[in-house]
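For reference, the structure is listed below as structure tokens.
The values are calculated or read from the model by the stated rules, or taken from the named source; none is laboratory data. Please read all numbers here as calculations on a predicted model, not as lab measurements. For neighbour counting, all protein chains shown are included, and Cβ atoms are generated from backbone atoms with ideal geometry for every residue, glycine included. Accessible surface areas use protein heavy atoms only, side chains included; no ligands, DNA or RNA. Shrake-Rupley method; radii C 1.70, N 1.55, O 1.52, S 1.80 Å.
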Amino acid sequence: MRLFQVDVPAPAGLGLDMIAVPEGALLDLDLRLEVVSEGVYASGTVTAPLAGECGRCLEAIDTEVVVDVQELFVFPDSTTAETTDEEELPRLKDDTIDLEEVVRTAIVLALPPNPLCQPDCAGLCPDCGGRWDDLPDDHSHDLADPRWAALQALTSPDAPTGPPPTAVADSTGDQRPDRLKEN
Ligand SMILES: [Zn+2]
Ligand SMILES: [Zn+2]
């Protein structure tokens with residue numbers, strides 16, 4: 001039996017859309033290798049840093065995941081190799097084992113498809129886009145107020161879901177609307 005502890009840089013694309021191991025970040029492999037009759041059995045844990053975005057409020061998530069891995073790498077000339085295919089059980093190749101696929105599968109399966117910055121994240125205010133966790137307890141948009149109602153009447157026919165004011169200023173700055181009018 002052999003124990004080893006090694007740090008390896010993460011390959012690209014290790015994770016999901018919303019949360020993943022940054023490429024090149026160090027994976028901490030803490031493994032034991034045992035030679036058994038049909039191959040080499042690898043087991044242990046992998047600790048990986050994670051970066052992502054909260055699925056409710058888009059706040060950056062900076063955390064880590066620890067996963068268990070175990071896999072039998074069979075000797076190419078063993079009975080097990082003759083009776084299984086390579087997708088079921090990986091082979092030992094030139095006396096080396098390729099842990100990347102095993103590690104990748106274990107990490108991806110452990111990631112939440114919809115990660116949260118904290119378990120009870122309250123998300124965003126639908127009216128102003130502020131994070132509820134950053135807003136005061138009494139935050140509200142009193143749309144029944146006649147002054148707000150008047151503003152809504154002015155803005156809603158043109159741009160009910162229009163871009164914020166800064167984006168409008170940028171697009172008028174490049175003069176495209178004028179050229180369109182000349183044509
Ligand atoms: Zn959140
Ligand atoms: Zn709000």
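Against the numbered list (1) open to solvent by less than 80 Å² (accessible area, probe 1.4 Å); (2) more than 16 Å from ligand 1 (Cβ to nearest atom); (3) more than 26 Å from residue 15 (Cα to Cα), residue 77 comes up short only at (1). Within the stretch 38-49, not a single residue is open to solvent by less than 80 Å² (accessible area, probe 1.4 Å), away from ligand 2 (no atom under 16 Å from the Cβ), at pLDDT 95 or above and of a type in the set (Asp, Glu). Any chance the stretch 164-175 includes a residue that's at pLDDT 65 or above, open to solvent by 50 Å² or more (accessible area, probe 1.4 Å), part of a loop (DSSP other than H, G, I, E, B) and within 16 Å of ligand 2 (Cβ to nearest atom)? No, the stretch 164-175 contains no residue that is at pLDDT 65 or above, open to solvent by 50 Å² or more (accessible area, probe 1.4 Å), part of a loop (DSSP other than H, G, I, E, B) and within 16 Å of ligand 2 (Cβ to nearest atom). The condition of being within 16 Å of ligand 2 (Cβ to nearest atom) and open to solvent by less than 50 Å² (accessible area, probe 1.4 Å) holds for only one of 117, 57, that being 57.
The requirement of being assigned by TED's automatic domain parsing to the domain that holds residue 6, part of a strand (DSSP E or B) and touching a residue at least 24 places away in the same chain (Cβ under 8 Å) is fulfilled somewhere in the stretch 74-86, by at least one residue. Please determine whether any residue of the stretch 15-29 is surrounded by 15 or more Cβ atoms within 10 Å (Cβ to Cβ) and within 30 Å of residue 77 (Cβ to Cβ). Within the stretch 15-29, one or more residues are surrounded by 15 or more Cβ atoms within 10 Å (Cβ to Cβ) and within 30 Å of residue 77 (Cβ to Cβ).
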